Structure formats: C-alpha cells, structure tokens
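Worksheet: one structure, shown below.
The values are calculated or read from the model by the stated rules, or taken from the named source; none is laboratory data. These figures come from a predicted structure and were not determined experimentally. We place every Cβ from the backbone using ideal geometry, glycine too, and count neighbours over all the protein chains shown.
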Amino acid sequence: MTLQVRLIDGFELRVDGSPIELPPSAQRLVAYIGLSGRPVLRPRVAGILWLETSDRQALGNLRSVLWRLRRSGLALIETAGEQLSLRSDVHVDVRRHMQLARQLTSGSGVPDMAVLELEQGGELLPDWYDDWVLVERERYRQLRLHALERLCVELTTAGSYARAVDVGLLAVAEEPLRESGHRALIKVHLAEGNVGEALRQYRAYTRAIHDELGLEPSRQMDELVRGIRPTTGLASVRHHVR
C-alpha cells in the first residue's frame, strides 16, 4: 500500500493513488506530525493542536482522533509510549522538497527532475492559519527561495543562461521585494552580455522597494550595475525610475 500526504497547495491524502477524505482534526494531526519529521510527544501535539482547551481535554481529543484513524483502517500514525510519528512508508511532499532545497543550498548536486519538482512547488497549506502552520510555511518559503537563488547562480556559472533566467524570474515572482533574487537575475543578464536587461531589472527592483518600503537598494545591488551608465551614474538611473 502506497501512502502519500500532500501539504503543498493544500492537504491531500492518497492511498494507492486514490484520494481519501479525512476530517479536519485528523488532517491537522497528520500534517503536524508529518512536518515535524521526527517522533513528537503526545502532550506537545495535544497542546499545540487544541490550544483553547484544558490539557486533559486536549489529550482526550488526541486519543479520539487516533482511535478514529485506526478504526478507519488508516494506520498512518505509529505510537511508542508517549511518542507519535508517521509510519516510515508515508511519503510527505514537503519533506522531499525541503531535502532537495537543503541539498541545493549546501552545493550538493541533485537530478534535473528533482530540481523541476522543487521549481514547481507552491505554498504550504495555504488556507490554514494556525500559528504552527504559519511558522512552518515561512520556514519552507525561505528555504525554497534560497534554493532557487542558489540554483540561478549555479546555472549562470554553468552557462545555462535561459534556465538561469527562468529560475531567477521564479524567485523574484515568489518575493518581489527580496533583493537577493533580483541580484541573482541581474548577474545572469550581465553574464550573458544583456546590460539593458540588467539595468531594466535594477530599475524594476528600485521602483518596487522605493514605492512599497521607501528604501534604496543596498550597496551590493548598486555595485552590480555601476558602470552600465558611466556618463550619468546611479543617481540618474534612480531619478528616472521614480
């Protein structure tokens, strides 16, 4: 039996390829333990998932959800004393994506198909607003952005400019005000000799960060485009942006 849990772009459980409906309480239990990636103590799980109840009631709710899961024949969660964990054969999409992202940011090579999978990743549980989900969502988002930027740089170094531009644009679209993504994209354009494209990207970022936050680009960003307009300088470039 193949068990797959999808947490990116929404919760979904599939058993042998077929979607299986779970009640919201069971979804949250599976998602929380799946994101933990390691055994979690019962009191901690109960306290986080049922914040507004007493400790006793929270533990009772947890026992009830576990019982209903077992009764339905979906033995997704293993128990060992006070510890809970997902079965080792349950595949969780975000775990794989985060593993790939860590490999990329550490400089370890990953297969092209795996990279494509990471590029296509979306938002973690977008319609959930629990505090623990917000923390995990931001952790995944940051790790993925770092991985995309690192991939953009590596593709540029390898001379794969079209792919590098594609990945750089993806990183910028994910977070338009993140300067490191724009810098990576500008470096691709400069490496390819497209100084006009580099300057246009600089202007787009300068306009966005000024309009949204009232800030100026960093010195690192300015150094990238210094010399592109030697007769007018960066001050003139910024003037035309506004």
task = Go through (1) surrounded by fewer than 17 Cβ atoms within 10 Å (Cβ to Cβ); (2) within 19 Å of residue 132 (Cα to Cα) and name the single condition residue 71 misses.
result = (2)
inquiry  = Looking only at residues that are exposed (fewer than 15 other Cβ atoms within 10 Å of the Cβ) and modelled with pLDDT of 95 or more in region 26-49, which one is farthest from residue 99 (Cα to Cα)?
reply    = 43
request  = Could you list, in sequence order, all residues of region 61-72 that are assigned to a loop (DSSP other than H, G, I, E, B) and touching a strand residue (DSSP E or B) at 6+ places or on another chain (Cβ under 7 Å)?
outcome  = none
Hits in region 168-224 - residues which are in contact (Cβ under 8 Å) with a residue 24 or more places away in the chain and charged (D, E, K, R) = 174, 175, 178, 179, 183, 187, 192, 203, 207, 212
ask   = Of the residues 183, 203, which single one is under 25 Å from residue 140 (Cβ atoms), of a type in the set (Lys, Arg) and either in contact with a helix residue (DSSP H, G or I) (Cβ under 7 Å, 6 or more places away or on another chain) or at pLDDT 95 or above (or both)?
value = 183
query = Is it fair to say residue 209 is modelled with pLDDT of 95 or more and either in contact with a Cys (Cβ under 8 Å, 6 or more places away or on another chain) or more than 24 Å from residue 158 (Cβ to Cβ) (or both)?
reply = yes
ask   = In the set 31, 58, 46, which member is in a helix (DSSP H, G or I) and under 30 Å from residue 148 (Cα atoms)?
value = 31
task = Go through region 73-189 and tell me which helices (runs of 4 or more DSSP H), entirely inside it, have 2 or more residues that are closer than 28 Å to residue 216 by Cα and out of contact with any Ser or Thr (no Cβ under 8 Å at 6 or more places or on another chain).
result = 131-157, 161-174
task = Restrict the check to region 83-102 and report whether at least one residue is farther than 25 Å from residue 121 by Cα, modelled with pLDDT of 95 or more and surrounded by fewer than 17 Cβ atoms within 10 Å (Cβ to Cβ).
result = yes
ask   = Limited to region 113-149, what total is found for residues that are buried (at least 17 other Cβ atoms within 10 Å of the Cβ) and over 14 Å from the mean Cα position of the chain (by Cα)?
value = 1
remark   = Restricting attention to region 212-242, the residues that are modelled with pLDDT of 75 or more and either surrounded by 11 or more Cβ atoms within 10 Å (Cβ to Cβ) or touching an Asp or Glu at 6+ places or on another chain (Cβ under 9 Å) (or both) number exactly 12
request  = Please specify each residue of region 14-28 satisfying the condition of being part of a helix (DSSP H, G or I) and over 21 Å from the mean Cα position of the chain (by Cα).
outcome  = 24, 25, 26
